[in-house]
Amino acid sequence: MKYSMLSKRLLYTYNKIHKCGISSHYKKEWQSVVGLEVHAQLNTESKLFSGAENTFGGLVNNCVSLFDAAIPGTLPVLNKKCVELGVLTALALSCKVNEVSSFDRKHYFYADLPAGYQITQQRAPLANDGAIHFQVYTPGIHKKPYNKSSKIKQIQLEQDSGKSLHDAELKRSLVDLNRAGAPLIELVFEPDLEDGEEAAALVKELVLIVQRLGVCTGRMEEGALRVDANVSIRRVGDPLSTRTEIKNIGSVRGVAGAIQHEIERQQSILENGGHIINETRAWDAIAKITIPMRDKEVVQDYRYMPEPNLPPLRVNLNTIEDNEDVISVPLIKERIPELPEESRTKLIAKYELRPEIAVQLVNEPVLLEFFQKIIVEKARNPSKVANLLLNDLLTVLNKRKINVTYCPITVKQLEELVDLLLDKKISLEICRKTINELVENTSFSPIDIIKQKGWLLITDEAEITKNCVKVIENNPKLVKQYKEGKIKVFKALLGILSKTTDNKLDMSIASKKFEELLKK
């Protein structure tokens, strides 16, 4: 019996599937499931339950009250400012603030937890059922930004533990209680993210929100915002599998890297016939891997119990009346500023910026502030201003490992530089060189540097024509190819012109002159 080519292919595919059971092409793809828990340290002068100073970088054990050190007989006194900041965060994230919440003791032993328990709000939290909306966009990974949201299960107030300091040389550990009792809000998100980039985008958005609210510094490098990630994978349509938890990730890119590595690690184990252990892991930022800390096969009993020394926390949900004893939620709601999502929408609508540009600008608050000041001061091209900030200024700062927060160049200098570029007095390359010079010495103005270096563009048509003629005379082969119809050669001639004149010619004028001369 003879088969057509199509029949042969179908028979081959049928035999291959039956021989292998099912080919990898037909297997259901892996799906990763990610949920986050984020701890944000509140911007208050004193701690959650004591009057000790709430600060970063103080002398070891210098910001510790008797209560923080768990001295017997001391009692907690709730910091009203912490409650206000918690409520403000909850409202900004569309959460339902609970009229009554309460505090619990969560018992566990750590050397840096002197009381042997942490005061938190596990069972009756400050707020529930919110959501965070954000855009996911990582240049080089995503072509375009896309919208994503994650549900918030609850937001709770709790105290931080101290910090253990491990001395490898002396082979001993010491305890610093400066952080003990520091005020935190814990935000528990539902497991509705798919990968590390989405998780990193959520964390970045959260950092921007808490910074705008004035709730938290958002400085992850100082531990002001710490992320725990729960990661599991499954075949599409299958129930959730065993998850692992990655503790205390300390940077936005660390969140993306840790989750991505954990997804790949779990997939490799399952594809090789293994099984995932329910465990807590840590992210090694140098080796770029997650490492095991402790297993969670046996569920730890924290022996939650109501905190006997704190009454239920009550807030006023209805009226704009604030007093020493009860916080007015409607009054706090009036303090919510413009949030990042609203800023992005405005940038796109008002200035016609591309979505990815709007995302990048809002992600860098300092650059966004520069952009707004430069645009407001004088009617300038918004797209070109944004490109200069994101592509030129940021590139120079990154190469020099300068955090944009500490950018040494002033708004006035940037305005002058933008005007020189838009007025075509300098080229884009000269603009970048000038930024480099300004970083080195901020006392000079851009025009002083440009004149000193002889970088002003030549706009004199006679001078430009003279240089074009030289290039034509010195490159007869390219000129012949162009005249024979190879139009692409024109770019090569322009490149030679630019190189031989050290990029000092106004290339828009030079291009027209070149065309005129070549047509003769």
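The values are calculated or read from the model by the stated rules, or taken from the named source; none is laboratory data. Bear in mind the structure is a predicted one, so any value in this text is a computation, not a measurement. Reconstructed Cβ throughout: ideal geometry from the backbone, glycine too, with neighbour counts over all protein chains shown. For the accessible areas, the whole protein counts, side chains as well, though only heavy atoms, and no ligand, DNA or RNA atoms are used. Shrake-Rupley method; radii C 1.70, N 1.55, O 1.52, S 1.80 Å.
Looking only at residues in the range 225-263 that are out of contact with any helix residue (DSSP H, G or I) (no Cβ under 9 Å at 6 or more places or on another chain) and closer than 21 Å to GLN41 by Cβ, the one that is least open to solvent (accessible area, probe 1.4 Å) is ASP228. Of the numbered criteria (1) open to solvent by 50 Å² or more (accessible area, probe 1.4 Å); (2) assigned to a loop (DSSP other than H, G, I, E, B); (3) modelled with pLDDT of 85 or more, the one ILE487 fails is (3). Out of the residues in the range 270-318 meeting the condition of being in contact (Cβ under 8 Å) with a residue 60 or more places away in the chain and among the hydroxyl-bearing types (Ser, Thr, Tyr), tell me which one is nearest to ALA256 (Cα to Cα). Residue satisfying both the conditions and the ranking: TYR302.
Residues checked against (1) assigned to a strand (DSSP E or B); (2) within 26 Å of VAL326 (Cα to Cα):
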position: ASN61; (1), (2): no, no
position: ALA70; (1), (2): no, no
position: LEU85; (1), (2): no, yes
position: THR89; (1), (2): no, yes
position: LEU113; (1), (2): no, no
position: ALA124; (1), (2): no, yes
position: PRO139; (1), (2): no, no
position: LYS143; (1), (2): no, no
position: GLN156; (1), (2): yes, yes
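Within the range 142-156, is even one residue in the same structural domain as VAL87 (by TED's automatic domain parsing), open to solvent by 40 Å² or more (accessible area, probe 1.4 Å) and aromatic (Phe, Trp, Tyr)? Checking the range 142-156: at least one residue is in the same structural domain as VAL87 (by TED's automatic domain parsing), open to solvent by 40 Å² or more (accessible area, probe 1.4 Å) and aromatic (Phe, Trp, Tyr). The helices (runs of 4 or more DSSP H) located wholly in the range 297-411 that include 1 or more residues which are hydroxyl-bearing (Ser, Thr, Tyr) occupy 340-351, 382-387, 394-399. For the range 346-379, a residue qualifies if it is open to solvent by 30 Å² or more (accessible area, probe 1.4 Å), under 17 Å from ASN147 (Cα atoms) and of a type in the set (Val, Ile, Thr), and exactly one does: ILE348.
Counting only residues that are in contact (Cβ under 8 Å) with a residue 40 or more places away in the chain and touching a Cys at 6+ places or on another chain (Cβ under 7 Å), give me the strands (runs of 3 or more DSSP E) lying completely in the range 168-242 with at least 1 of them.
By residue number, 183-189, 225-235.
Please tell me if THR465 is open to solvent by 60 Å² or more (accessible area, probe 1.4 Å), of a type in the set (Ser, Thr, Tyr) and part of a helix (DSSP H, G or I). In short, no.
Only one of the numbered conditions (1) among the basic types (Lys, Arg); (2) assigned to a helix (DSSP H, G or I); (3) surrounded by 15 or more Cβ atoms within 10 Å (Cβ to Cβ) is not met by LYS425, and that is (2). LEU59 falls short on exactly one of the conditions (1) of a type outside the set (D, E, K, R); (2) open to solvent by 70 Å² or more (accessible area, probe 1.4 Å); (3) farther than 21 Å from VAL175 by Cα, and that condition is (3).
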